[in-house]
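**Student:** My structure is below; once you've seen it, I'll send some questions.
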Amino acid sequence: MKGLAGILLYFILSVLIYAPLEGWSIADCIYYSVILLTTVGYGDLSPKHTLSRLVSCVFVIVGLTLVASQLGDCLDQLVQMEVKAQKSLIQRVLHSSSSDDEVGLLDAKAHRRRRAKRLLMSLTGVLVWVAFSMVVFKFSFQHAPGWWETLYFSVMTLTTVGTGDFVPHGNASKILVSVICLVGVPLFGRVLTQLAQLTYGTAKSDRLDQIVGGLTVDSLGCMQEFCRGLEQKGVYNPAREGGTKEISPFEFLSFMLVKNGVLETSDLAAVMNNFRELDVSGDGLLAEKDVELWARKRRGSLLLDVRDGDGLAAQVSSERGAASASSLQPVA
C-alpha cells in the first residue's frame, strides 16, 4: 500500500504541474510521467516551459530512486503471492512437501537439466510479454500498424529504447501504453535479466541444494577435498575440527554455503581472520577471558600512548632547556 501511495502521489503531482504549465490533458500528463519514469523516452511529448523542464529533471532523479523502487516492491509482492500460490497448489496435488525438481548438490547432470528448464521458462516469459504487448498495441492504436511494426514497437518499448518513430495517438492509446510501460517494462526487465544470468551461468537458485540420496564415498570425498583446499589456503586449522577425514558441522556448513554459491572461499577466509583476531587467547574459542584480554589490551595501548606522550614532552622540554642554556653562555 505504501508503494502504491507513492506512485499515485507521483501521478497527481505530474497532473498538477504539467497540466497548467503545458496545457496537457490528464492522459498526456500520466503518459509523459510514465514514459519519463520508465526511461522509454519516445520524444513525441516533451515539456516546453522552463519550470516544467526543471520539474522533469527532479522527477527523473527522484522517480528513478524512490518511485521506481516502490514500484519494484509492489511487483515483488505480486510475484511472491504468485509463487506462494503455485507452491500451495503443488503441495495439494502431490500431498507432500517434496518436489520432483529436487536436485542434489553434487548432481552435475541434474543441474544442467534444471538450468536448461529455467532458461526455457525465462525465454518463454520474454516471448509471452512481447506477444501480449503486440496484441495490446495492435488494437490500441487508431491506425493499426502491421504485425511486424507492432513487434518492433513492442520490443523497443519493453527494452526502454524508445526510438520514437512509432508513438501512440489518442488518450486511450496513451493510457494503454502507459500501463504496459508501468507494469510490463519492470517485469520484462526482470525476466530478461534472469535470462541473461542463466545464459552466462551467473543465476543463483532461490533455495539451497542439499546432498540427496544419503552419504556416499564420492560425496564424502568431495567434502574432504574441499576441506583440504581450505587448509592449503590457510582458512582454518582442520586439527580443531577433528582433521579432514572426518567432516564436522562447521566444515559441512562451509561446504554447503560455498558449493551453493552463497559465499566464496575468500569470504570464509575473511570471517576466520576476524575470528582469529578476536580470539586473543588463541584457544579457538571466544569466551569471557577474551573480553578481559581485549580490555587489558586496550588499557595497555592507552597507557603506552600516555607514556609515549610524556616521554616526547620530556624530550622537547630537555631540548628547549639546552637551547636556553647555550644562548646564555658568554661569547668568547
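**Student:** Place a +1 charge on the Cβ of each Lys and Arg in region 217-278 and a -1 charge on the Cβ of each Asp and Glu, then give the dipole magnitude about the Cα centre in debye, rounded to the nearest 20.
**Tutor:** 100
**Student:** I've got another one for you. R0 = 45 Å: FRET efficiency of residue 275 with residue 160, Cβ-based, nearest 0.05?
**Tutor:** Computed FRET efficiency for residue 275 and residue 160: 0.45.
**Student:** When you have a sec, figure out the Kirkwood radius of region 1-45 from all distinct Cα pair distances and drop it here in Å to one decimal?
**Tutor:** On the way: mean 1/r = 0.0924 Å⁻¹.
It is 10.8 Å.
**Student:** What's the FRET efficiency of residue 216 with residue 264 using the Cβ-Cβ distance as r and R₀ = 25 Å, to the nearest 0.05?
**Tutor:** Numbers: r = 26 Å, r/R0 = 1.04.
The computed FRET efficiency comes out at 0.45.
**Student:** I need 153, 275 ordered by Cβ neighbour count within 10 Å, fewest first.
**Tutor:** Working: 153 24, 275 13.
Ordered from fewest to most neighbouring Cβ atoms within 10 Å, 153, 275 come out as 275, 153.
**Student:** Using Cβ counts within 10 Å as a stand-in for footprinting exposure, how do 223, 256 rank, fewest first? Walk me through the intermediate numbers first.
**Tutor:** Numbers: 223 20, 256 17.
By the 10 Å Cβ count, ascending, the order reads 256, 223.
**Student:** Round to a whole angstrom and tell me the spacing of the C-alpha centers of region 142-177 and region 240-263.
**Tutor:** Taking the Cα centre of region 240-263 as reference, the centre of region 142-177 is 54 Å away.
**Student:** Quick one: if you stick a label point 7 Å off each Cα along the C-beta vector at residue 296 and residue 228, how many nm between them?
**Tutor:** Output for this residue pair reads 4.1 nm.
**Student:** Quick check: net charge around residue 156, other residues with Cβ under 14 Å of its Cβ, Lys/Arg +1 and Asp/Glu -1?
**Tutor:** Numbers: positive: none; negative: 44, 149, 165.
It works out to a net charge of -3.
**Student:** Among 143, 49, which comes first, then next, by fewest other beta-carbon atoms within 10 Å?
**Tutor:** Numbers: 143 7, 49 14.
Ranking 143, 49 by Cβ neighbours within 10 Å, fewest first, gives 143, 49.
**Student:** For region 217-278, just run the numbers: alpha carbon Rg, then divide by 2.2 N^0.38 Å, N being how many residues it has.
**Tutor:** Compactness ratio reported: 1.05.
Since every read-out is calculated from the coordinates, none of them should be taken as a lab result. Computed from a predicted model, the values in this text were never measured in an experiment. With ideal geometry, Cβ positions are generated from the backbone for all residues, glycine too; neighbour counts draw on all protein chains shown.
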